[in-house]
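Novice: After the structure tokens below, expect a handful of questions from me.
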Amino acid sequence: MSFTRETYYSALFSLLQALAPGTVLTVDRRVRLMERMQPAELPALFMAVGNQKTVQSLKSPASHFLTAHVFLYCANPDPHTSADIALNELVDALQAAIAPAPPFETQTLGGLVHHCWINGESEFFPSPNGERAAAIVPIEMLVFE
């Protein structure tokens, strides 16, 4: 099988699109600025390709570490409640979507990758007035060539 990066990113994005019904209103691979989004478009999920690392050793197949950055945006029109609450729920939904189905111990995106998981520090960006909030969550995929 030939190594084609877009195969793995497309599979991940398909998994993320499953969040859409009832959880997010806008899903796209083209990241938009949160400030340019209308309230009716939120919550939103965007995915962008991140850094990629290949590890090669003698007489062994190459190991590819492919990173994606998932941007989550939400708003809370209630002036007495912070959008951080809705953002935490959105990150929890993302984590649940990435989790492997029991009894499996790893998420393989239907057998395409060896492992797919949230890996690294997620960045959170609350707005000063609490009406909107954003997070960037790193997802890593391990693929053996």
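Novice: Output the residues belonging to segment 134-145 that are at pLDDT 95 or above and either touching an Asp or Glu at 6+ places or on another chain (Cβ under 9 Å) or of a type in the set (Phe, Trp, Tyr) (or both).
Specialist: Of everything in segment 134-145, those that are at pLDDT 95 or above and either touching an Asp or Glu at 6+ places or on another chain (Cβ under 9 Å) or of a type in the set (Phe, Trp, Tyr) (or both) turn out to be Ala134, Ala135, Ile136, Val137, Pro138.
Novice: Just the residues that are surrounded by 11 or more Cβ atoms within 10 Å (Cβ to Cβ) and either farther than 20 Å from Gly110 by Cβ or at pLDDT below 95 (or both), please, taken from segment 28-38.
Specialist: Scanning segment 28-38 gives Asp28, Val31, Arg32, Met34, Met37.
Novice: Just to be sure, is Pro77 closer than 20 Å to Phe13 by Cα, surrounded by fewer than 16 Cβ atoms within 10 Å (Cβ to Cβ) and out of contact with any helix residue (DSSP H, G or I) (no Cβ under 6 Å at 6 or more places or on another chain)?
Specialist: No, not satisfied.
The values are calculated or read from the model by the stated rules, or taken from the named source; none is laboratory data. What you see is a predicted model, and the numbers here were worked out from it, not measured in a lab. Note: ideal-geometry Cβ built from the backbone for every residue, glycine included; neighbour counts use all protein chains shown.
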